[in-house]
Every structure is written in structure tokens, then in C-alpha cells.
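These notes are about the structure you will find just below.
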Amino acid sequence: MKESEKPIKDLSSDDNSGNMAHREGLETLLDLDGTVLVQEGNYWVHIRAWLVQRSQKIPHGVRYSLTLHNTAGERILGYDNAHFPTERKANFSRVRKIRSNDHRHPYKRSESISYEYHSAYQLLTDFFADVDSVLKEELSS
């Protein structure tokens with residue numbers, strides 16, 4: 001873990017906002033750190049999240065990895081900010097206007113795509129909506 005990524009305790013970093021809903025979303029995300037949630041059909045979700053110093057790559061000050069795994073343990077969906085997205089333009093050149101490391105590893109796609117982080121609450125909402133959608137497709141086939 002890099003010095004700038006060491007966990008910090010200040011909860012005020014989320015969204016530059018004193019908004020109680022945003023703060024509660026951040027507290028919920030941080031409370032879920034290390035949690036594994038078994039889903040229907042023995043699929044499972046793993047959540048990692050902690051506060052870090054803000055930077056250009058992590059402007060909101062939250063490091064996270066939210067993943068959905070199949071019964072073989074393979075990640076089939078993920079949201080994280082461990083590296084830059086790998087999405088490419090139509091001419092296959094690397095996208096250059098990436099503001100942060102926030103991205104998604106969508107279901108059935110090899111490339112990651114940018115994710116616009118608004119709040120921890122929205123991150124959890126978006127992730128679990130995708131989990132529901134993926135499980136619906138996985139379990140119906």
C-alpha cells in the first residue's frame with residue numbers, strides 16, 4: 001500500500017459535503033469493508049473500502065473494490081479504483097481524458113470502463129443494481 005493510500009479516519013472527505021445522506025452512505029460503505037455476501041445460486045459479493053488521502057487519481061478519498069463472483073470464484077462484475085480504466089476509442093487509442101481511477105468491469109466485457117463516482121451511497125446503489133441484473137441473466141440461463 002502506498003503512503004498516500006494508507007487508511008485514514010476522517011469521514012468528512014466524502015463528496016465535500018456535510019450532507020447526512022452522503023455521510024451515512026460513506027459510513028455504510030466503510031462498515032462493509034471485508035464483507036462477503038452470499039447471493040442467490042452461491043454467487044458472492046466481496047466489498048473492500050477505506051479512506052485515503054485525496055489525489056488526482058482518487059479525488060473523493062475513498063479506495064474501493066466491489067466485486068461479484070461466480071460459483072467458481074471468478075470475478076464477473078466489479079467496481080474499483082485500483083487502476084485507470086482500459087476503455088479505448090473507436091480507433092483503439094487509449095482514452096486520454098481520464099479524470100480518476102474510478103471504473104467498472106462490466107459483465108461479459110474484457111475492458112473496464114470509466115465510472116463517475118458521485119458518492120458512496122450512489123456507488124453501492126449502482127453496484128447492487130448491476131449485481132441484480134447480472135444474477136437475473138446468470139440464473140436464467
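Taken together, the values in this text are just the output of simple stated rules run on the coordinates, not laboratory data. Please read these numbers as outputs of a predicted model, since none were measured by experiment. When we count neighbours, we look across all protein chains shown, and the Cβ atoms used for this are built from the backbone with ideal geometry, even at glycine.
The table below lists the values:
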item	result
Those trypsin sites (Lys or Arg not before Pro) in segment 105-141 that DSSP places in a loop and that have at most 14 other beta carbons within 10 Å	108, 109
Contour excess over end-to-end distance, with Cα ends at residue 40 and residue 111 and 0.36 nm allotted per residue	22.9 nm
